[in-house]
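So the structure is just underneath, and the comments pick up after that.
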């Protein structure tokens with residue numbers, strides 16, 4: 001079964017119980033903030049996220065604000081909504 005962009009919202013709502021720990025939905029994206037003890041710890045984490053993103057070719061929006069790193073995931077090819085790719089990526093980021 002192939003889902004179109006308008007079907008992804010329904011797909012996502014049906015998977016809410018599977019939303020990776022500590023992630024929330026905001027403006028059609030999965031969002032999570034990560035807190036670190038030091039600025040360089042956050043940068044090292046971002047490097048690991050970037051390596052994962054390159055490996056799977058799914059790149060998040062990343063914002064660094066001193067010891068806080070905010071990651072936002074949505075699938076641009078599906079119309080800037082949350083898809084299975086985002087849920088999988090969020091779960092993988094949680095394991096870093």
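The P(r) of region 5-94 has a tail past 15 Å containing 57 percent of all C-alpha pairs. With each label modelled as a point 7 angstrom along the Cα→C-beta vector, the residue 38-residue 77 pair spans 3.9 nm. Taking R0 as 35 Å, what's the FRET efficiency between residue 63 and residue 84 from their Cβ-Cβ distance, rounded to 0.05? In this case the efficiency is close to 0.90.
Values in this text are rule-based calculations from the coordinates and carry no lab data. From a predicted model like this one, the values you see are computed outputs, not experimental measurements. When we count neighbours, we look across all protein chains shown, and the Cβ atoms used for this are built from the backbone with ideal geometry, even at glycine.
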